[in-house]
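Just below is one structure, and these are the notes that go with it.
A short reminder: the numbers here are calculations on the coordinates, not readings from a lab. The model shown is predicted, which means the values in this text are computed figures rather than measured ones. Cβ: placed from backbone, ideal geometry, glycine included. Neighbour counts: every protein chain shown.
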Amino acid sequence: MKKIILIASCTLALIARENPFVPDDINITTLDSTNINQNAPQLDKVIAKFPSDARELVSATFSYKSVDGSIKQKSIDINASFDWHDDIVISSQSPVTDEATPALDVSVTTTDEQTKQAAAKQATPKPLSIPPKIEPPLKSVAFMDLIKFDIFNSKIEIINKDQMIRDFIINKPDKIVIDFKKNVEFSTQTIKVNKGPLKKATIGAHKGYYRVVLFLDGNYHYAIRQSGNGYTLTLR
């Protein structure tokens, strides 16, 4: 009986593989071993839009996946005002390196001091006189010979000769109401604008005054001050 067990053990030892983790066919080379996870697509740019009541960016918080697969957060302080009409763009770019700017060598191999001074003057840029930039309106609309509106990105110039007697704001939809003192008769009319902050303007006549209703594209704080040709309505 002992001889039979010994023979069986020797047979199993001959049949067993040296390394059970290597495939039977050593010519097969399809073994894959990696700790790299499948990544998301490369960041190009992301565009964020904000509602009309947004005025300042306080901070931005990013949730990101770490190399070990855990989710972490990174917050960045911003504290800056912005125009809610604008797109906030998040994009990826290579780090910007500050390369040293070579100094301009104005010295010349001469002992003539006047030549050196002339070269130094040529190296110094002369200040340019820049004329004041006049911003043209995005659009101008007029009603009869009574009133005219010049629409800009953040203000509306109201050109007329009549005294403003009251103004107030109404929400949902957002509109500013302004009354001007004048006895005048005409049918109520609406002018479509759709430029800058102004969507349309409605003008109607009442006893002793006429009313201007400015329909805005969002929620604003406003201020009105008298200007040379009428009134300036500032929106922020």
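Computed from label points 7 Å out along Cα-Cβ, the spacing between residue 153 and residue 94 is 3.1 nm. As an exercise, use a Förster radius of 41 Å and the Cβ-Cβ distance of residue 202 and residue 72 to find the FRET efficiency, rounded to the nearest 0.05. Plugging the Cβ-Cβ distance into 1/(1 + (r/R0)^6) gives 0.20. Across the range 149-236, Cα-Cα pairs farther apart than 15 Å form 57% of the total. For the pair residue 144 and residue 81, the difference between a 0.36 nm per residue extended length and the Cα-Cα distance amounts to 18.8 nm. In this structure, the residue pairs whose Cα-Cα separation is over 20 Å, taken from 133/200; 49/72; 172/200, are 133/200; 49/72.
Here each label is just a point 7 Å from Cα along the line to Cβ, and for residue 211 and residue 53 those points are 2.6 nm apart.
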